[in-house]
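Single-structure report; data block below.
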2 protein chains.
Amino acid sequence: MSTPGAEPSQEGSLLLDDQLCFALYAASRAVTARYRPLLDELGLTYPQYLVMLVLWEQDQISVRDLGNALQLESSTLSPLLKRLEANGLLRRERRAEDERSVALRLTDAGARLRERADTVPLAIGDAMGLSPEQDATAKQLLRLLTTNVTR
Amino acid sequence: MSTPGAEPSQEGSLLLDDQLCFALYAASRAVTARYRPLLDELGLTYPQYLVMLVLWEQDQISVRDLGNALQLESSTLSPLLKRLEANGLLRRERRAEDERSVALRLTDAGARLRERADTVPLAIGDAMGLSPEQDATAKQLLRLLTTNVTR
DNA sequence: CCCTAATGAGTTGCGCACGACTAAATAGCG
DNA sequence: CGCTATTTAGTCGTGCGCAACTCATTAGGG
């Protein structure tokens, strides 16, 4: 009859390749894999790189605010931050005005790493190979999706 | 001066919120989190659900072909498949014609689970809240991105 | 002022995800 | 036919990611 595989994708389908969720899952892992060799040079994992991005933007942030920025739990961040501290990129210090809160402060090494990192976004943008319009559309749709899905 | 936060996003920026990679990372985790309560009812994790999708589509697939479909390494799949086998959803049997290869065969329980799972895609599609056009555009862009990024 | 509720960071347990490696089996070349 | 290279699945170690929980500290109502 018709060409096999030419049927339209359906949202309610149980077929793997019809599902946006799988495209999302596969793309996320593929992008992370693309970052890996670049971040290896900096001695960072991908989540550690995200943490450093936030700290380069705003030093002395609390663990709480970092978690809000990255949408990660303290149970994920605490060990990760301990590793960054052990690698000499940041220090953790209890806030005097609120002993529950921990402020993250970049060390000199942590601040200097920014210069070596500033070629990374362009290299990745290049590898992604999307036009500025496609990039903007993708970001917009992914943010809408994230908003909807988190109620 | 100008309104803070009104500057255009840039691809080469080190700002977290400018980066497509973070939108992707956050969206992927948010979608997985949305699946969690639904999949808990089925006794599956999200990657286990993806494996079951493939098996419902094509029973008796090899670990190798499953890995190609999901883009996952055997080092990820082997323990995951062992858990699915322990939960009684599939059996692993060495192929007689090639003793290196392992065929995955659904048990009756594994096949029956499909019926309970067929409401999941619609529930998720609903939660995602994208129009059919947005859904199609997102899938298309994510696939393009995945292709580009994996060279 | 007390005392209970909340908040912030951390620990533990489990399941991915992947690189590096191993062992067994097969392919395929000389 | 023999032997080496490749293929397939698996183990091990490390680092997330998150639920469930703990502990210390602070907020805020009676």
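Out of everything in segment B:25-40 that is more than 13 Å from DNA strand C (Cβ to nearest atom) and without any contact (Cβ under 8 Å) to a residue 12 or more places away in the chain, what residue ends up being nearest to B:Lys139 (Cα to Cα)? Even if it seems obvious, please write down each step before you answer.
First, the residues of segment B:25-40 that are more than 13 Å from DNA strand C (Cβ to nearest atom): B:26-27, B:30, B:34, B:37-38.
Then drop every residue that is not without any contact (Cβ under 8 Å) to a residue 12 or more places away in the chain, which leaves B:26-27, B:30, B:37.
Details: B:Ala26: 16, B:Ala27: 13, B:Ala30: 17, B:Pro37: 24 Å.
Selected residue: B:Ala27.
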Could you check A:Glu85 against (1) surrounded by 15 or more Cβ atoms within 10 Å (Cβ to Cβ); (2) part of a strand (DSSP E or B) and say which number it fails? (2)
Test: B:Thr107 is among the polar types (S, T, N, Q), touching a Lys or Arg at 6+ places or on another chain (Cβ under 7 Å) and at pLDDT 95 or above: yes
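Per-residue answers, yes or no, for (1) over 21 Å from the mean Cα position of the chain (by Cα); (2) farther than 17 Å from B:Ile61 by Cβ; (3) in contact (Cβ under 8 Å) with a residue 60 or more places away in the chain; (4) assigned to a helix (DSSP H, G or I):
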residue: B:Arg92; (1), (2), (3), (4): yes, no, no, no
residue: B:Arg100; (1), (2), (3), (4): yes, no, no, no
residue: B:Leu104; (1), (2), (3), (4): no, no, no, no
residue: B:Ala109; (1), (2), (3), (4): yes, yes, no, yes
residue: B:Pro121; (1), (2), (3), (4): no, yes, no, yes
residue: B:Gly125; (1), (2), (3), (4): no, yes, no, yes
Across segment B:127-151, what is the total count of residues that are part of a loop (DSSP other than H, G, I, E, B) and surrounded by 16 or more Cβ atoms within 10 Å (Cβ to Cβ)? 1
Consider A:Pro79 carefully, then state whether it is within 13 Å of chain B (Cβ to nearest Cβ), near DNA strand D (Cβ under 9 Å from one of its atoms), at pLDDT 95 or above and part of a helix (DSSP H, G or I). no
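Restrict the check to segment A:20-35 and report whether at least one residue is farther than 30 Å from B:Ile124 by Cα and either more than 9 Å from every other protein chain (Cβ to nearest Cβ) or surrounded by fewer than 15 Cβ atoms within 10 Å (Cβ to Cβ) (or both). Give the derivation first.
Here is the first cut: in segment A:20-35, the residues farther than 30 Å from B:Ile124 by Cα are none.
For segment A:20-35, residues farther than 30 Å from B:Ile124 by Cα and either more than 9 Å from every other protein chain (Cβ to nearest Cβ) or surrounded by fewer than 15 Cβ atoms within 10 Å (Cβ to Cβ) (or both): absent.
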Restricting the search to segment B:101-126, which residues are facing another protein chain (nearest Cβ under 9 Å) and surrounded by 14 or more Cβ atoms within 10 Å (Cβ to Cβ)? B:Arg114, B:Ala117, B:Val120, B:Pro121, B:Ile124, B:Gly125
Filtering segment A:41-75 down to residues that are in a helix (DSSP H, G or I) and either more than 14 Å from chain B (Cβ to nearest Cβ) or near DNA strand C (Cβ under 8 Å from one of its atoms) (or both) yields A:Glu41, A:Val63, A:Arg64, A:Asp65, A:Leu66, A:Gly67, A:Ser74, A:Ser75
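The values are calculated or read from the model by the stated rules, or taken from the named source; none is laboratory data. All figures in this text were calculated on a predicted structure; none of them were measured in a lab. Because the Cβ atoms are built from the backbone with ideal geometry, glycine has one as well, and the counts that use them run over all protein chains shown.
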